[in-house]
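Asks: Questions regarding the structure given below will be posed in turn.
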Amino acid sequence: MRRLLALAFVLVSAVFVSGGAVVAPGSQFSDEQKATLDKVSAYLNSIHTLKGSFVQIDPNGQVEQGDFFIEKPGRMRFEYKPPAPTLIVSDGNTVAVKNSKLNTVDRYPLTDTPLDIILSNDIDLRHNSYVTGVGEQEGDLVVRARSNNNKSQGDIAIYFSRPGLELRQWTIKDAQGLSTTVSLRDVEFGTPLPGTLFVLQDAKNPFTRKGEE
């Protein structure tokens, strides 16, 4: 579940704060910061599908890699490369986590995970109390936020390239102060994705894609 929660913040970056409370008048953001948050929100809302690869570094320095596929709203697939045994699939209703080494499949309602918010279509970072800051760091634009999920309290820093706006990396710090960093590679936006990527085929072999018997 820890890996699932880490991945929950992976993709559409600050999307995970989209369901939060409205910021009260006189918030801490300047007019320039508000404009920047509006720009980032528009960029994230423009994403319908994306695919690419990722590199994840956990608090112990262990490096894992894989490929991801997302189609908003609600659907995603994370394929970890061997020797990692993990495969994560959301079909829009259920998130299933397969461990091929243990031969187990754990399922969670999408609404019970942060993924439900990450994979949404309506993002407004400026009017959200979970966003705590926005600024520059080493040439990148950084949006900082806190988790809005009681089961995974922590903070996230999301990095976007500049001058063009493109999601690059994020670092999640959990309630124990442990950090997980995820970097994206070779990201493609707007590519049509086959629906079979997100289908749990059957109970016996729920992650088999059509044609991969």
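A short reminder: the numbers here are calculations on the coordinates, not readings from a lab. Every value quoted in this text rests on a predicted model; they were computed, and no experiment measured them. Glycine also receives a Cβ, built like all others from the backbone with ideal geometry; neighbour counts cover every protein chain displayed.
Asks: Which ordering of R75, R107 is given by a fewest-first count of other beta-carbon atoms within 10 Å?
Replies: R107, R75
Asks: Computed FRET efficiency, Cβ-Cβ of T104 and S183, R0 41 Å: what is it to the nearest 0.05?
Replies: Computed FRET efficiency for T104 and S183 comes out at 0.90.
Asks: Sorted by mean Cβ packing within 10 Å, highest first, what order do the peptides 76-89, 130-143, 181-194 take? Please list the in-between numbers first.
Replies: Values: 76-89: 17.9, 130-143: 15.6, 181-194: 14.0.
Peptide ranking by packing, descending: 76-89, 130-143, 181-194.
Asks: Take the cross-link list K39/K72; K34/K173; K72/K101; K39/K173; K81/K173 and give me the ones stretching past 22 Å between alpha-carbons. Spell out each step's value before the answer.
Replies: On the way: K39/K72 19 Å; K34/K173 24 Å; K72/K101 30 Å; K39/K173 25 Å; K81/K173 24 Å.
Over 22 Å Cα-Cα: K34/K173; K72/K101; K39/K173; K81/K173.
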